[in-house]
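What follows is a set of notes on a single structure, which appears directly below.
The values are calculated or read from the model by the stated rules, or taken from the named source; none is laboratory data. Bear in mind the structure is a predicted one, so any value in this text is a computation, not a measurement. Cβ placement follows ideal geometry from the backbone for every residue including glycine, while neighbour counts extend to all protein chains displayed.
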Amino acid sequence: MDPKLKYILLKTVQDDGILPITSVCNMACQFCSHRNNPPGLDVYRLGHLGLDLIKELLQYLAPEGPVIIGESATRIIEGDPMTHPDFIQIIELLRKTFPRKEIRLTTNGSYLNGEMLNFLAAMKPLELNISLNCSSPAERVFLMADSRPEEVFSGLKLLAKTDLSFHGSIVAMPHLLGWESLGRSIELLSYYGARTIRVFLPGFTRYSSPRLQFPVREIYGQIRSFLEKYEDLGTPILLEPPEINDLQARVKGIIPGSPAAASPLEKGALITAVNGDKPRTRVEAFQLILAAANPHLQYQQGGRKGEIILEKKAGEASGLIFDYDLDPAVLDQVTRLLLNNTGKNLALLTSVAAAGIMGAFLEDFNASYGPGLPAKEIDLLVVENRFFGGSIIAAGLLTISDIISKVKESARAYDILVLPGIIFDIFGNDLTGRNYREIEEALGVSLEII
């Protein structure tokens with residue numbers, strides 16, 4: 001294996017807790033980003049990794065935290081882990097190496113027969129994420145080219161009879177499948193016991209086939225309105241990416257059967273303190289509650305204030321669901337950077353998707369520190385994804401050309417630009433292979449990558 005690629009694999013395991021085992025997928029989904037990208041992107045397709053390499057990768061897993069398999073979150077193209085011919089041996093090896101580490105496994109569900117589910121149940125703690133996307137076998141054939149379209153539906157029925165925990169996900173494609181399909185898919189996942197349902201907004205690039213493109217504002221608005229019908233479903237539904245314009249720790253949903261489900265807390269409750277500490281973001285509220293045993297929560301709900309002791313163990317999930325906004329570690333890092341560079345012309349660069357979150361952060365920062373700081377402004381520059389175009393708004397898909405264009409258009413001279421680190425790989429390169437130093441050279445500016 002190429003030494004650079006092996007290094008990327010090792011760092012992915014070590015830093016992110018992600019264990020890539022294959023880039024092979026048995027589907028050909030119409031919405032798959034890898035089918036609609038331009039050639040030449042700096043991404044990696046691995047095939048099936050060998051057992052010897054996987055054994056080596058396991059040595060780099062941190063002892064704490066879950067291991068994630070099958071979730072596309074890096075430059076490595078993830079396939080369906082169950083396509084790997086040694087999948088069962090890999091999971092057994094993982095469990096032998098880490099007897100109590102939680103395994104989080106993402107799959108399209110086409111291998112979920114009784115034998116596989118019995119095996120997975122014996123490997124707990126293990127949690128499944130099932131990408132359903134459709135409400136019938138015929139729709140799976142049309143949308144995903146599924147050659148075994150009945151398997152996932154029979155698998156869900158079998159799964160409901162086990163004590164395995166699972167979450168469901170749907171890429172909303174009403175412009176291709178219609179609204180009834182989206183509704184039935186949500187109801188199916190809820191009926192069979194999904195703990196949460198993630199609904200992903202559909203996306204396309206300027207390279208996508210015209211038949212996959214759609215009026216973005218119209219369809220996104222319709223999807224948000226459609227999901228409001230399911231607010232009382234019982235199963236929390238999370239729209240991704242969420243539309244967030246504040247950092248308030250408001251409860252998005254509560255998982256049935258969880259510690260929080262036995263409390264008076266309801267969807268929409270605002271958590272104002274955890275053991276006396278005010279959470280600065282939703283993510284911080286989640287982390288504080290997760291870490292604590294029997295946390296004392298103060299909250300606002302239905303126009304009144306309340307407080308409870310939420311009975312749970314330290315490290316046990318509370319069942320409270322929050323949208324993801326800003327990690328407190330990132331918040332602290334950006335805050336320190338701004339305070340250490342007062343008096344300089346500085347710009348925070350953000351994606352369209354995170355503009356509301358970073359705008360709220362900057363508003364809170366100015367309210368807390370602004371009166372005592374020099375009069376220099378801190379600009380928020382919202383960078384559009386012009387390279388990919390279409391409906392793409394994520395920071396992880398921004399490129400150096402997008403950033404340079406935005407800063408030049410601002411017609412401002414900055415001393416420091418603050419950039420999201422997710423734009424770059426471990427070598428400082430964007431998806432097109434260009435290095436961040438090109439920004440410094442082109443704009444004559446210093447960079448801080450968070």
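Against the definition (closer than 30 Å to Asp379 by Cβ, assigned to a loop (DSSP other than H, G, I, E, B) and not aliphatic (A, V, I, L, M)), how does Arg280 come out, yes or no? Criteria met by Arg280. With Glu127, Glu139 as the choices, which residue is assigned to a helix (DSSP H, G or I) and buried (at least 17 other Cβ atoms within 10 Å of the Cβ)? Every option except Glu139 fails the conditions.
Mind checking whether some residue in region 299-309 is in a loop (DSSP other than H, G, I, E, B) and within 26 Å of the chain's Cα centre (by Cα)? Among the residues of region 299-309, not one is in a loop (DSSP other than H, G, I, E, B) and within 26 Å of the chain's Cα centre (by Cα), which makes the answer no. Here is a check on your reading of the model: is Leu238 under 26 Å from Gly356 (Cα atoms), surrounded by fewer than 18 Cβ atoms within 10 Å (Cβ to Cβ), modelled with pLDDT of 95 or more and in contact with a strand residue (DSSP E or B) (Cβ under 7 Å, 6 or more places away or on another chain)? Considered against the rule, which asks whether it is under 26 Å from Gly356 (Cα atoms), surrounded by fewer than 18 Cβ atoms within 10 Å (Cβ to Cβ), modelled with pLDDT of 95 or more and in contact with a strand residue (DSSP E or B) (Cβ under 7 Å, 6 or more places away or on another chain), Leu238 comes out as no.
The residue that is nearest to Leu247 (Cα to Cα), counting only those in region 320-348 that are assigned to a loop (DSSP other than H, G, I, E, B) and among the charged types (D, E, K, R), is Asp325.
Taking the criterion of being closer than 24 Å to Leu331 by Cβ, in contact (Cβ under 8 Å) with a residue 24 or more places away in the chain and surrounded by fewer than 19 Cβ atoms within 10 Å (Cβ to Cβ), the residues of region 253-280 that qualify are Gly268, Leu270, Thr272, Ala273. Against the definition (part of a loop (DSSP other than H, G, I, E, B) and either of a type in the set (D, E, K, R) or assigned by TED's automatic domain parsing to the domain that holds Ser181 (or both)), how does Glu316 come out, yes or no? So Glu316 passes the test. Put simply, of Ile400, Ile404, Ile416 the only residue that is outside the structural domain of Val216 (by TED's automatic domain parsing), under 24 Å from Tyr44 (Cα atoms) and modelled with pLDDT of 95 or more is Ile400. A single member of Lys157, Lys229 is in contact with a helix residue (DSSP H, G or I) (Cβ under 8 Å, 6 or more places away or on another chain), among the charged types (D, E, K, R) and either assigned by TED's automatic domain parsing to the domain that holds Ile103 or more than 16 Å from Ile321 (Cα to Cα) (or both), and it is Lys229. Total residues in region 157-174 satisfying the condition of being in contact with a Phe, Trp or Tyr (Cβ under 8 Å, 6 or more places away or on another chain), in a helix (DSSP H, G or I) and of a type in the set (A, V, I, L, M, F, W, C): the figure is 1.
Restricted to region 183-211, and to residues there that are more than 23 Å from the chain's Cα centre (by Cα) and part of a helix (DSSP H, G or I), the residue that is surrounded by the fewest Cβ atoms within 10 Å (Cβ to Cβ) is Pro210. Among residues of region 409-427 being over 31 Å from the mean Cα position of the chain (by Cα) and touching a residue at least 24 places away in the same chain (Cβ under 8 Å), the one that is surrounded by the most Cβ atoms within 10 Å (Cβ to Cβ) is Tyr414. Per this entry, Thr342 is counted among residues that are more than 23 Å from Asp425 (Cβ to Cβ) and either at pLDDT below 95 or surrounded by 21 or more Cβ atoms within 10 Å (Cβ to Cβ) (or both). Number of residues in region 214-235 that are in contact (Cβ under 8 Å) with a residue 12 or more places away in the chain and either surrounded by fewer than 15 Cβ atoms within 10 Å (Cβ to Cβ) or in a helix (DSSP H, G or I) (or both) equals 12.
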